[in-house]
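The values are calculated or read from the model by the stated rules, or taken from the named source; none is laboratory data. The structure presented is a predicted model; accordingly, all values stated were derived computationally and were not measured. Because the Cβ atoms are built from the backbone with ideal geometry, glycine has one as well, and the counts that use them run over all protein chains shown.
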Amino acid sequence: MQQNRNHHRAGGVALPVGVLLCLALGLSLLVVRFRPSGPEPASGFVDITTVAATALAPPAVGPDASGGSYTQDCGHNQEGHRNADNVVVSPGTVGGAHHVHDYVGNLSTDANSTDDSLASAATTCTDGDRSTYYWPVLRRTDRGGPATHTAEAADAPHGNTGEILVPETVTIEYLGNPWAKVVPMPRFLRLLEGDPTAATDGGAEAGARWGCTGFTGRTTTDRYPLCPAGSLLTRTLDFPSCWDGRGTDSPGHRSHVRFPSATGLCPHDTFAIPHLRVTIGYRPPPPRAFALDAFPEQQHSPLTDHGVFVDLMTDRQTATVVACLNEDRSCRESG
């Protein structure tokens with residue numbers, strides 16, 4: 001019998017050449033689709049001028065509102081304090097974050113930090129606040145080359161490569177609550193904001209807010225913004241501000257604190273605490289040539305932006321913040 005030249009054997013079964021080509025093509029597409037170091041797709045970016053402003057009316061204010069604010073200066077990580085650790089989520093595991101974090105505040109924070117070691121460390125905050133504030137770094141993806149920092153070298157195998165962008169500005173604010181006086185945060189309170197696995201878990205905890213300075217209203221997006229010249233690219237991290245009144249942490253690091261409703265009301269059986277907001281600004285990198293550090297399977301999605309906070313304020317510092325908020329004053333600590 002004449003052999004069919006359009007068939008080949010694979011695993012003892014004759015397959016047409018066309019089928020083999022389709023299988024090979026499908027496999028190659030699968031590899032590209034799930035390549036962990038691939039750049040963020042073009043759909044992950046948006047021209048900020050095309051994003052509709054969200055003009056929200058100020059929330060209603062109750063008779064017990066705490067309408068003040070407290071802003072402090074902790075620098076913008078000029079010291080280059082970075083590592084791939086997460087002392088809250090992965091304590092004791094060096095490199096456990098699988099992406100690099102930028103830090104301000106406490107200068108000693110790493111995987112092996114303890115409450116005692118943090119409480120005795122130096123800080124970048126001019127008011128002496130030893131709290132630690134951290135978030136994933138942002139990188140220029142069009143600039144490679146050898147790693148210049150041990151954290152960068154350690155993280156390269158996880159698909160996070162490129163030049164780390166140093167923030168131009170970092171603004172740390174504590175805000176009040178429109179319905180209640182705030183109570184002091186307990187020392188060593190842990191707070192998480194955002195969802196580092198939002199690209200694959202449905203994003204129920206996602207809170208990514210990207211934007212550009214110089215735009216009126218609340219023009220923010222959950223995509224990477226393309227900012228015009230003269231504007232800073234921004235990330236805004238709003239932390240939960242309703243505490244259960246019991247612990248400083250919980251399994252999963254979320255259930256001991258909650259977010260208030262859209263109107264500002266805290267859930268039943270929780271207490272309003274100072275609302276921490278961190279805003280990070282960068283000189284805009286070239287369009288579509290930047291990405292957030294992330295877990296490999298998250299493909300650098302902008303949805304995965306997140307932040308972590310550990311409160312190390314002294315009783316005196318906490319009382320100062322609470323008084324500013326509850327007395328409706330605007331306070332700025334500069335040393």
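When you scan segment 281-295, do you find a residue that is under 26 Å from GLY105 (Cβ atoms) and acidic (Asp, Glu), even just one? Lay out the reasoning, then the answer.
Applying the first criterion (under 26 Å from GLY105 (Cβ atoms)) to segment 281-295 yields 281-285, 290-295.
Subsequent filtering for residues that are acidic (Asp, Glu) retains 293.
Within segment 281-295, one or more residues are under 26 Å from GLY105 (Cβ atoms) and acidic (Asp, Glu).
Is it fair to say CYS227 is surrounded by fewer than 17 Cβ atoms within 10 Å (Cβ to Cβ) and of a type in the set (A, V, I, L, M, F, W, C)? Full working, then the answer.
Details: surrounded by fewer than 17 Cβ atoms within 10 Å (Cβ to Cβ): no; of a type in the set (A, V, I, L, M, F, W, C): yes.
Answer is no for this residue.
Of all residues in segment 308-335 being farther than 14 Å from ALA208 by Cα and part of a strand (DSSP E or B), which is modelled with the lowest pLDDT?
Kept after step one, since they are farther than 14 Å from ALA208 by Cα, are these residues of segment 308-335: 309-335.
Next, only the ones that are part of a strand (DSSP E or B) stay: 309-310, 330-333.
Numbers: PHE309: 98, VAL310: 98, SER330: 97, CYS331: 97, ARG332: 93, GLU333: 80.
Among those that are farther than 14 Å from ALA208 by Cα and part of a strand (DSSP E or B), it is GLU333.
Among the residues of segment 163-205, those that are modelled with pLDDT of 95 or more and among the small types (Gly, Ala, Ser) comprise GLY176, ALA180, GLY194, ALA198, ALA199.
Just wondering, is there one or more residues in segment 315-333 that are touching a residue at least 24 places away in the same chain (Cβ under 8 Å) and over 26 Å from TRP179 (Cα atoms)? Looking through segment 315-333, none of the residues is touching a residue at least 24 places away in the same chain (Cβ under 8 Å) and over 26 Å from TRP179 (Cα atoms). The set of residues in segment 285-296 that are surrounded by 21 or more Cβ atoms within 10 Å (Cβ to Cβ), of a type outside the set (A, V, I, L, M) and not in a strand (DSSP E or B) comprises PRO285, ASP293, PHE295.
This table checks each residue for (1) among the acidic types (Asp, Glu); (2) crowded, with 18+ Cβ neighbours inside 10 Å; (3) more than 17 Å from the chain's Cα centre (by Cα).
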| position | (1), (2), (3) |
| --- | --- |
| TYR103 | no, yes, no |
| ASN106 | no, yes, yes |
| ASP116 | yes, no, yes |
| CYS125 | no, yes, yes |
| TRP135 | no, yes, no |
| ARG143 | no, no, yes |
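For segment 243-251, state whether one or more residues are buried (at least 18 other Cβ atoms within 10 Å of the Cβ), within 20 Å of THR54 (Cα to Cα) and not polar (S, T, N, Q). The answer is no; no qualifying residue exists.
Looking only at segment 87-122, residues that are under 25 Å from THR197 (Cβ atoms), polar (S, T, N, Q) and in contact with a Pro (Cβ under 9 Å, 6 or more places away or on another chain) come to 2 in all.
Looking at segment 256-267, is at least one residue at pLDDT 95 or above, surrounded by 13 or more Cβ atoms within 10 Å (Cβ to Cβ), closer than 23 Å to GLU168 by Cβ and among the β-branched types (Val, Ile, Thr)? No, that holds for no residue.
Any residue at all in segment 299-307 that's part of a helix (DSSP H, G or I), within 29 Å of PRO58 (Cβ to Cβ) and either of a type in the set (Asp, Glu) or within 13 Å of the chain's Cα centre (by Cα) (or both)?
The answer is yes, given that some residue of segment 299-307 is part of a helix (DSSP H, G or I), within 29 Å of PRO58 (Cβ to Cβ) and either of a type in the set (Asp, Glu) or within 13 Å of the chain's Cα centre (by Cα) (or both).
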